[in-house]
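Structure record follows, encoded as structure tokens.
The values are calculated or read from the model by the stated rules, or taken from the named source; none is laboratory data. Worth saying up front: this structure is predicted, and the values here are computed from it rather than measured. Backbone-built Cβ (ideal geometry, glycine too); neighbour counts: all protein chains shown. Only protein heavy atoms, including side chains, enter the accessible area calculation; ligands, DNA and RNA are left aside. Shrake-Rupley method; radii C 1.70, N 1.55, O 1.52, S 1.80 Å.
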Amino acid sequence: QVQLVESGGGLVQPGGSLKLSCAAQGRVADVYDMRWYRQTPGKSRELVAGISNSGYTNYTDSVKGRFTISRDNAKNTIYLQMTRVTPEDAAIYHCYSLIRSSVTYTIAHYWGQGTQVILSS
């Protein structure tokens with residue numbers, strides 16, 4: 001009834017840019033914090049950036065100054081603008097959010113399926 005749908009991953013050259021999107025869809029009443037995490041094989045999932053519903057943002061140190069998280073509350077969508085991409089940014093990027101269902105009115109954690117960012121040589 002509620003799902004997070006990511007898009008925008010793909011192939012990018014080192015130093016290039018890519019923009020990821022994540023939309024909360026379905027029976028959504030309220031969307032609270034939204035975040036991007038990333039994961040590579042053999043490593044634990046890492047928080048990349050987060051944004052509150054009031055627009056407060058936070059970033060992991062390795063992406064500060066290169067990545068920008070933004071939010072369109074009318075569309076229940078967040079974006080991650082990635083610039084000056086490095087090989088260390090290659091990962092599967094997952095969207096996360098706290099969402100109140102319009103059916104049950106309970107708040108729950110939701111994860112997207114992930115979108116892969118691949119660095120080309």
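In region 82-117, what residues are within 14 Å of Glu6 (Cα to Cα), in a strand (DSSP E or B) and open to solvent by 60 Å² or more (accessible area, probe 1.4 Å)?
Ile92, Trp111, Gln116, listed by residue number.
Filter region 99-120 for residues that are free of Cβ contacts under 8 Å to residues at least 24 places away in the same chain and farther than 11 Å from Arg27 by Cβ and give the result.
Thr106, His109
Within region 9-31, is there a residue that is crowded, with 16+ Cβ neighbours inside 10 Å and among the charged types (D, E, K, R)?
no
I'd like to check something: does region 11-24 contain any residue that is among the small types (Gly, Ala, Ser) and closer than 18 Å to Ala108 by Cα?
Yes: one or more hits.
Are any of the residues in region 54-77 touching a helix residue (DSSP H, G or I) at 6+ places or on another chain (Cβ under 8 Å), farther than 15 Å from Ala90 by Cβ and open to solvent by less than 40 Å² (accessible area, probe 1.4 Å)?
No, there is no match, as no residue in region 54-77 is touching a helix residue (DSSP H, G or I) at 6+ places or on another chain (Cβ under 8 Å), farther than 15 Å from Ala90 by Cβ and open to solvent by less than 40 Å² (accessible area, probe 1.4 Å).
Out of the residues in region 88-121 meeting the condition of being over 17 Å from the mean Cα position of the chain (by Cα) and under 17 Å from Gly10 (Cβ atoms), tell me which one is modelled with the highest pLDDT.
Leu119
So which residues in region 52-81 are closer than 19 Å to Leu18 by Cα, assigned to a helix (DSSP H, G or I) and either β-branched (Val, Ile, Thr) or touching a residue at least 40 places away in the same chain (Cβ under 8 Å) (or both), if there are any at all?
The answer is Val63, and nothing else.
Any chance you could count how many residues in region 17-42 are touching a Ser or Thr at 6+ places or on another chain (Cβ under 8 Å) and in a loop (DSSP other than H, G, I, E, B)?
The qualifying residues number 2.
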